[in-house]
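The values are calculated or read from the model by the stated rules, or taken from the named source; none is laboratory data. Please read all numbers here as calculations on a predicted model, not as lab measurements. Using ideal geometry, Cβ is built from the backbone for each residue, glycine included, and neighbour counts are taken over all protein chains shown. These area figures cover heavy atoms from the full protein model, side chains too; ligands, DNA and RNA do not enter into them. Shrake-Rupley method; radii C 1.70, N 1.55, O 1.52, S 1.80 Å.
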Amino acid sequence: LKPGSRMAKVTPIEHLEPSHGHTTVQVHAAYGGLRDGGRGHLEPFGKERSWRRRVRVALAQSRWYESRLAVMIRRFLHGKVLLAMAIVALFVALFLRDVFVLAQVPNNVECDVVLTLVFALFAFELIGLALTDATYLFGFFFWMDLFGTVSMIFDISYLAGKDATLPIRVTRDGSTSNIIVVRAARAAKLGARAGRVSRVLKILRYMPFVQSDGSKEVKIAKVISNQLTNLLSTRVAFLTICIVVVMPVFGMFLYPEMDGSMSTWTELLQRNAAAYRAQPTEENKEWMRAELIRFADFYASLNYGPFRACYGHEEGDAFVCRPDLLDLTVKLPFTEPSRKASIRVVRERLFEAAFDLSDPAREEAAASLG
């Protein structure tokens, strides 16, 4: 140094406080240096290049950032207690909905209560880190945590989630578009799950096996290790999200590889019922009964099928069966599931058939868990 030049005071490295996978040294390096006086404020050298960096610097230089409350929140967010809570909450967010589908739970109450608590924990962590950690704000994991937290509303029934007490209804006009909607919903579900999976990689940085011991000799190595761990976890999270989100999009608009037999059988039985109502002869009655037997036999060897078929009329959104007009007392091979969301109701004018899809729903949930 030249005589008379000033030098910023730097806190000894053994006294530095880790901050979201970074130490203060990393933060200072990221923003270019320190303000004179060595109080730990950030002062970038040269011209600011992005609004994101300007916001981070403003946060780090604010009085709030060094306040006692901010330091306490930051330490709690990086502590072992919240780490354990975050790990449990992460697995709950990823798998609880599928566990309830697998068990065919008929209501939403228990699942909604637990997921609401998880949502609150994720929101607290997101807001707390954004307000107390300059290296986290507007970074990769900030956006992934935001995406994963917001996606929780699609698992909570009273917000935007699927209601376990309501069956899936397919009408004649929306049968084709429903297929694309279902595929888009599945792709969105995978994307939302990918956003939550990124939390796994973020949590790994705080696990003991990726952290160094506390001796002075390894402090520099710890800083470098944290940088490399952060870089690696970001790349792996990004690659995982790309695979999970992008791959299903390619099959979203392909020719529907779905079973159209439910709609076809419902339309066929509606025509037979209309013919019988127009000419209620014994011949048409026997023909109608024979078609119903064929309808039941068609699904006898499958893991899904009809449990109700009736002729009637619509009253608003509801369908009223009228066995007095047309008696369809034929034994069907399936029973009504306890979880209404596992029921698919297909309506064709004056005929309605309800199908039990509980086994396919269990298989899909088991595949998601696996």
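Can you give the percent of C-alpha pairs in the range 41-143 whose distance is more than 22 Å?
Numbers: 2429 of 5253 pairs.
Of all Cα-Cα pairs in the range 41-143, 46 percent lie more than 22 Å apart.
Specify which residue in the list Y304, V330, V346 is farthest towards the positive end of the charge dipole of the range 295-347, using unit charges on the beta carbon of Lys, Arg (+1) and Asp, Glu (-1), about the Cα centre.
Working it through, the farthest residue towards the positive pole turns out to be Y304.
Tell me, in nm to one decimal, what length is gained between W287 and R63 on full extension, where the rule is 0.36 nm per residue of separation less the Cα-Cα distance?
Working: separation 224, 0.36 × 224 = 80.64 nm, distance 8.39 nm.
Here the segment from W287 to R63 would lengthen by 72.3 nm.
For the range 50-142, give the percent of accessible area contributed by carbon and sulfur heavy atoms, probe 1.4 Å, rounded to a whole number.
That share works out to 74 percent.
For the range 74-143, what is the accessible area per residue in Å², given a 1.4 Å probe and the full set of protein chains?
It amounts to 44 Å² per residue over the range 74-143.
Amide H to amide H, which residues 5 or more places from R308 or on other chains are under 5 Å from it, using H placed in the peptide plane?
A354
For A164, which sequence-distant residues (separation of 5 or more, or a different chain) have an amide H within less than 5 Å of its own amide H, given hydrogens modelled in the peptide plane?
none
Solvent-accessible area of D297, probe 1.4 Å, all protein chains present, reported in Å² to the nearest ten, please.
Solvent-accessible area, nearest 10 Å²: 100 Å².
Rounded to the nearest 0.05, what FRET efficiency do Y158 and E315 give with R0 = 30 Å and r taken as the Cβ-Cβ distance? Could you check?
Step by step, r from the Cβ atoms, then E = 0.65.
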